[in-house]
Every structure is written in C-alpha cells, then in structure tokens.
1. Quick one: would you say K65 is in the same structural domain as L77 (by TED's automatic domain parsing) and out of contact with any strand residue (DSSP E or B) (no Cβ under 9 Å at 6 or more places or on another chain)?
2. Within the stretch 1-60, can you find the residues that are within 30 Å of R75 (Cβ to Cβ) and of a type in the set (A, V, I, L, M, F, W, C)?
3. Within the stretch 24-51, count every residue that is more than 18 Å from the chain's Cα centre (by Cα) and among the small types (G, A, S).
4. Under 6 Å by Cβ, and 6 or more places apart or on different chains, what pairs join a residue from the stretch 8-27 that is under 18 Å from K46 (Cβ atoms) with one that is of a type outside the set (K, R)?
5. Can you find even one residue in the stretch 75-85 that is in contact with a strand residue (DSSP E or B) (Cβ under 9 Å, 6 or more places away or on another chain), at pLDDT 85 or above and in a strand (DSSP E or B)?
6. Filter the stretch 58-77 down to the residues that are of a type in the set (D, E, K, R) and within 15 Å of the chain's Cα centre (by Cα) and list them by number.
7. Starting from residues that are under 21 Å from R15 (Cα atoms) and charged (D, E, K, R), keep the ones in the stretch 33-58 and report whichever is surrounded by the fewest Cβ atoms within 10 Å (Cβ to Cβ).
Amino acid sequence: MKSTGIVRKVDQLGRMVLPSELRESFNIKDGDALEIFTSNDMIVLKKYMPSDIFTGDMEDLIEYKGKKVSKNTVRELAKIAGFRLEETEAPQKGNSFELEDIF
C-alpha cells in the first residue's frame with residue numbers, strides 16, 4: 001500500500017472529504033457507494049462493485065432477497081437441486097427462467 005501524503009480531519013459527525021484527485025483517479029462520482037473494510041489498524045475504502053455472492057461474477061446479475069446472484073449461478077443451482085431449466089425470452093428483462101421439477 002502506498003501513501004498519498006494526504007491527511008484529512010474528521011468532523012463532529014465522523015465525516016471526512018475524499019480529495020478530488022483521489023475521486024477522479026478511482027472514478028468515484030457523487031452518490032457512488034463505497035465499501036468499508038478494516039485490517040489491523042487500517043480502515044480501507046473501496047468503490048462498491050456489486051457481484052454474485054457465490055462466484056464474484058459481476059455480469060448478468062439479478063437480486064434475490066437483497067443479495068446479488070448471476071443468472072449463470074441460478075442455472076447451476078437449479079441443476080444441483082434437480083430442476084430442468086428452460087430459458088424463454090421475456091419482453092423487457094432479457095431472459096427469464098421456467099423451472100420444471102424432474103422428480
């Protein structure tokens with residue numbers, strides 16, 4: 001990890017300003033979400049990039065009960081569970097799935 005040499009103070013509400021140079025370097029725009037990690041005595045900020053909770057894939061995501069899952073993972077889980085998937089074209093949302101129980 002390299003030092004930027006930038007020091008910022010935290011205000012009464014616990015806020016600090018990320019310097020514009022860093023926001024530009026990391027393509028952080030107004031309203032973007034940041035993930036917060038800790039490691040020993042460090043606080044690490046990372047631009048949030050939604051990904052599949054199982055595989056880390058970031059493409060073709062759907063949300064289920066507040067969690068992101070890729071369509072490919074849905075296909076794989078359906079196979080493991082013993083379902084046969086038939087993909088059909090949905091008018092506005094890309095592919096949809098129809099599950100058929102093979103039991």
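The values are calculated or read from the model by the stated rules, or taken from the named source; none is laboratory data. What you are looking at is a predicted structure, and each value in this text was computed from that prediction instead of being measured. Ideal geometry is used to build each Cβ from the backbone, glycine not excepted, and the neighbour counts take in all protein chains shown.
1. Values: in the same structural domain as L77 (by TED's automatic domain parsing): yes; out of contact with any strand residue (DSSP E or B) (no Cβ under 9 Å at 6 or more places or on another chain): yes.
Yes.
2. Step one: list which residues in the stretch 1-60 are within 30 Å of R75 (Cβ to Cβ), which gives 33, 35, 46-60.
Matches in the stretch 1-60: A33, M49, I53, F54, M58.
3. The number of residues fulfilling the criteria is 2.
4. Listed pairs, sorted by first residue: R8/M16; M16/V10; P19/I6.
5. For the stretch 75-85, residues in contact with a strand residue (DSSP E or B) (Cβ under 9 Å, 6 or more places away or on another chain), at pLDDT 85 or above and in a strand (DSSP E or B): present.
6. Scanning the stretch 58-77 gives E59, D60, E63, K65, K67, K68, K71.
7. Result: D41.
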